Amino acid sequence: MAPLAPTTVLRRFWRSPWRDIAQFVLLIVVVVWLVTLSSARLGYNWQWYRIPRYFWTVRNGRPVVGELLQGLGYTLQLSAVSLVCALTLGLVVALLRLSSSFMGRALSRVYLEITRNTPLVVQIYLAYFVLGPVLGIGRFSSAVLALTLFEGSYMSEIFRAGITSLHRGQWEAAYSLGLSTLDSYRFVILPQAVRRLLPPLTSEVVSLIKNTSLVSLVSLADLSMQARVIAADTFLTFEVWFTVALIYLLIMVPLAITARWLERRYAIAT
Amino acid sequence: MPSLPDIAPLAPSDAAAAPADDILIIEDVFKSFPGVEAVRGFSARIRRQEVVVIMGPSGSGKSTLLRCLNGLEQADSGLIIVDGIPLDDNHAHRLEIRQETGMVFQSFNLFPHLTVLENINLAPMRVRHKSEQEATARSMELLGMVGIADKASSYPAHLSGGQQQRVAIARALAMSPKIMLFDEPTSALDPEMINEVLDVMKDLARAGMTMVVVTHEMGFAREVADRIILMDSGSIVETGTPDTFFTNPREERTRRFLSQIL
Ligand SMILES: Nc1ncnc2c1ncn2[C@@H]1O[C@H](COP(=O)(O)OP(=O)(O)O)[C@@H](O)[C@H]1O
Ligand SMILES: [Mg+2]
């Protein structure tokens, strides 16, 4: 392989999930530095040894799952369900926006305008306090609903870009062969679009997982919520938040690596 | 290049039974784009098994006309009838016409994520509901006819331009179309690959396929065209047999065009 020009490397890096991770690591370094500085001033008493029990403890010879691990499970569950829903919604909205139906295009526009121009926090409150009671759904479902509506609009933009970036000739060839619109999407357009979508979609998944931390606002027992509670109870503020940041990071890294692998695996030889 | 013994979708008995009727009727077709009248009152009738070559300067509306014929573009006015089916607003009509009309593009437009075999199998399996086995048998036969059976499991990116265009022809033929439309099928090819594609097209013409070909390949036109149409500014300048068209054209415009491409 020929060595890549520095600008190419930079551009690839800029578009890859590694950018998010690098940002995150940089952020942590800065925070650690600041914290060390301020804790020295405050005379902060580090007590790392008190952290492990929030992962698990052994009581009566049985392992018991601690709050942090519970919160992590909850965060992962919320992320997974919201991700599947947001991907589905995003795809449907993108297809509607590209369809020849006037109603479909208008509907998707309205949805996009509303969700793009409202902060996620507001959507979470709306889902929890207004939509939740109206639809008779619980706390978890409300959180999924808010995250789905919010992330769905970003997903739909990613899908739309991937679909429209395909050469018109692909549509025309599918059309000329007599394939139905559905089959053209299924066998010709989407398989090619998905390959282009993997990098931006991964970034979006990363931001979805980060965004789940906002549901702690409506007192859902996710990782961030548990961290807040523990920190408030024990004054282990720095230790707890560093641990939580590290956990989030540990979710992102495998994700980035998987995305890389998928990207290579499905790269179309050109 | 192997010969194409039985590529014609029409069995000989069929052809004998059917009168030499017009399989494609084009009447007074207009098509405009914002600011351009691309096709202006084009009319022609094409008989079964006829090979018609359309020539004309760049921008004269050849591609637009061809794309109107299978519904890729919707004509603004005029009449297009393909094998008795009018190309109108009826969805079923449009669907049938694009299934019965094969199209070969200048830029091949193979599906890059599918192998050669999958490219050819796709439409017969999804549209004609053939089993994979059935479709593959026919696809391999077609690949043999266009001379690249050994490339069945390759991806398009690993084929030369000439090979890709031959796959594109096989892919269109797999739907057993009644008419084949070619839009400058060799103009994106390196010179040394043009003949391998033209040879396939010649064999196809000899086997009795009805063809409308936009090309500036004089040798091909002379050898297999029944009729040559010169288009300019969206309408017909002159129509003639290869003999009269090339050696004794009526129109001054045709003479000028020929002197430019010779
Ligand atoms: N999709 C389109 N939108 C706008 N103008 C077009 C489009 N397709 C073709 N045209 C215009 O129509 C005219 C005829 O084009 P075309 O049919 O491609 O000619 P040819 O194939 O003979 O070169 C040209 O002026 C071209 O710019
Ligand atoms: Mg053209």
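The values are calculated or read from the model by the stated rules, or taken from the named source; none is laboratory data. From a predicted model like this one, the values you see are computed outputs, not experimental measurements. Cβ coordinates were reconstructed from backbone atoms using ideal geometry, including for glycine residues, and neighbour counts include every protein chain displayed. Protein only, heavy atoms only, side chains kept; ligands, DNA and RNA dropped before computing areas. Shrake-Rupley method; radii C 1.70, N 1.55, O 1.52, S 1.80 Å.
For segment A:1-77, what is the accessible area per residue in Å² when the probe is 1.4 Å? Could you put the intermediate results ahead of the total?
Values: 6120 Å² over 77 residues.
Heavy-atom accessible area per residue stands at 80 Å².
What does the charge count around A:R50 come to, taking other residues whose C-beta lies under 13 Å from its C-beta (Lys +1, Arg +1, Asp -1, Glu -1)? Intermediate values should be presented prior to the final figure.
On the way: positive: A:R53; negative: A:E67, A:D233, A:E239.
The answer is -2.
Averaged across the residues of B:118-131, what count of C-beta atoms belonging to other chains lies within 10 Å of each residue's C-beta? All intermediate terms of the calculation are to be shown ahead of the outcome.
Values: counts 1, 3, 1, 0, 7, 8, 2, 2, 10, 5, 1, 0, 0, 0.
Mean partner shielding for this stretch: 3.
Report the accessible area of A:R105, computed with a 1.4 Å probe over the heavy atoms of all protein chains in place, in Å² rounded to the nearest 10.
90
Could you give the distance between the Cα centres of segment A:82-124 and segment A:142-182, to the whole Å?
What the calculation gives is 12 Å, centre to centre.
Who wins for biggest fluctuation among A:G66, A:G169, A:G152 in a Gaussian network model of chain A, springs between alpha carbons below 10 Å?
Looking only at A:G66, A:G169, A:G152, the largest GNM fluctuation is found for A:G169.
Give the distance, in whole Å, between the Cα centre of segment A:197-259 and the Cα centre of segment B:102-129.
Going from one Cα centre to the other spans 46 Å.
How high is the FRET efficiency from A:T181 to A:F13, r the C-beta distance, R0 30 Å, rounded to 0.05? Write down the numbers at each step before the final one.
On the way: r = 38 Å, r/R0 = 1.26.
Given R0 = 30 Å and the Cβ-Cβ separation, E is 0.20.
Counting Lys +1, Arg +1, Asp -1, Glu -1, what net charge surrounds A:A174 among other residues with beta carbon under 14 Å of its beta carbon? Let's see the in-between values first.
On the way: positive: A:R168, A:R186, B:R98, B:R126, B:R171; negative: A:E172, A:D183, B:E118.
Result for the neighbourhood of A:A174: +2.
Stokes-Einstein diffusion coefficient for segment A:3-150 at 10 °C in a medium of 1.306 mPa s, Rh from the Kirkwood formula over Cα pairs: what value in µm²/s? Don't jump to the answer; show the numbers that get you there.
Numbers: Rh = 20.2 Å.
It diffuses with D of about 79 µm²/s by this estimate.
So if I restrict to the alpha-carbon atoms in the protein assembly as shown, what is the Rg, and what is Dmax, the biggest pairwise distance, in Å?
Considering the protein assembly as shown through its Cα atoms, Rg and Dmax are 31.6, 106 Å.
Residue by residue through B:105-114, how many Cβ atoms from other chains fall within 10 Å of the Cβ on average? Could the numbers behind the result be given before it?
On the way: counts 4, 1, 5, 2, 9, 3, 9, 9, 10, 4.
Across B:105-114, the average partner-chain Cβ count within 10 Å equals 6.
Averaged over all directions, how much area does the convex hull of the C-alpha atoms of segment B:60-150 cover when projected, in nm²? List each step's numbers first, then the result.
Details: hull surface 30.9 nm².
About 7.7 nm², averaged over all directions.
Could you derive backbone 3J(HN,Hα) for segment A:238-254 from the dihedral phi with the Karplus parameters 6.51, -1.76 and 1.60 (θ = phi - 60°), listing whole Hz in sequence and x where the residue is Gly or Pro?
Going residue by residue, I get 5, 4, 5, 5, 5, 4, 5, 4, 5, 4, 4, 4, 5, 6, 5, 4, x Hz, with x marking Gly and Pro.
Between their Cα atoms, which of B:K62/B:K130; B:K130/B:K151; B:K62/B:K178 are more than 31 Å away from each other?
Details: B:K62/B:K130 34 Å; B:K130/B:K151 22 Å; B:K62/B:K178 20 Å.
The answer is B:K62/B:K130.
Relative contact order for chain B: what is it in percent, counting Cα pairs under 8 Å that are at least 6 residues apart? Intermediate values should be presented prior to the final figure.
Numbers: 465 pairs, mean separation 70.6, N = 262.
Relative contact order, chain B: 27 percent.
Over 5 Å intervals from 0, what percent of Cα-Cα pairs in segment B:147-209 sits in each interval?
It works out to 4, 16, 29, 26, 18, 7, 0, in whole percents.
Can you tell me which of A:F55, A:F129, A:F102 moves the most in a GNM of chain A? Springs connect C-alpha atoms under 10 Å apart.
Evaluated over chain A, the most mobile residue of the options is A:F102.
Check which residues have an amide H placed less than 5 Å from B:M103's amide H, if you skip close sequence neighbours.
Excluding prolines and chain starts, which carry no amide H, the hits are B:L181.
With unit charges on the beta carbon (Lys/Arg positive, Asp/Glu negative), name the residue among B:S131, B:L189, B:P112 whose Cα is farthest towards the positive pole of the charge dipole of chain B.
My answer, from the dipole projection, is B:P112.
Would you kindly calculate the translational diffusion coefficient of segment A:123-270, applying Stokes-Einstein with the Kirkwood radius from alpha carbon pairs, for 10 °C and a viscosity of 1.306 mPa s, and quote it in µm² s⁻¹ without decimals? Walk me through the intermediate numbers first.
Working: Rh = 18.3 Å.
Here the translational diffusion coefficient equals 87 µm²/s.
Taking chain B as the reference, fit the longest principal axis to its C-alpha atoms, fit the long axis of helix B:252-261 to the helix C-alpha atoms, and give the angle between the two in degrees, 0 to 90, nearest 10.
The angle comes out at about 40 degrees.
At 25 °C and 0.890 mPa s, what whole-number value in µm²/s does Stokes-Einstein give for the translational diffusion of segment A:5-68, with Rh from the Kirkwood sum over Cα pairs? Could the numbers behind the result be given before it?
Working: Rh = 15.7 Å.
Translational diffusion coefficient: 157 µm²/s.
Could you state the principal axis extents of the C-alpha atoms in chain B, from the largest down, to the nearest angstrom?
53, 44, 43
Give the Cα extents of segment B:115-162 along the principal axes, in whole Å, largest first.
31, 19, 14
Compute log10 of I(q)/I(0) for segment A:87-191 with the Debye formula, placing one identical point scatterer on every Cα and leaving out solvent, at q = 0.24 Å⁻¹, to two decimals.
Taken in order of the listed q values, log10 I(q)/I(0) reads -1.23.
With no solvent and one equal point scatterer per Cα, compute the Debye intensity ratio I(q)/I(0) for segment B:105-248 at 0.10, 0.13, 0.16, 0.20 Å⁻¹ and report its log10, rounded to two decimals.
Calculated log10 I(q)/I(0) at the listed q: -0.37, -0.60, -0.86, -1.20.
Angle check, please: helix A:18-42 long axis (alpha carbons) against the longest principal axis of chain A (alpha carbons), in degrees 0 to 90, nearest 10.
That works out to roughly 20 degrees.
Between 0 and 90 degrees, rounded to the nearest ten: what's the tilt of helix B:191-206 against the longest Cα principal axis of chain B?
Helix B:191-206 sits roughly 90 degrees off the main axis of chain B.
Ballpark to the nearest 100 Å², how much total accessible area do B and A bury together, probe 1.4 Å?
Buried: approximately 2000 Å² between A and B.
Can you tell me the Rg and the Dmax, both Å, for the Cα atoms in segment A:182-237?
Taking only Cα atoms of segment A:182-237, I get Rg and Dmax of 19.2, 59 Å.
Can you report the principal axis dimensions of segment A:156-210 using only the alpha carbons, biggest first, rounded to whole angstrom?
44, 17, 15
So what does log10 I(q)/I(0) come out to for chain A at q = 0.13, 0.15 Å⁻¹, using the Debye formula with one equal point on every Cα and no solvent?
Listed by q, the Debye log ratios stand at -1.01, -1.21.
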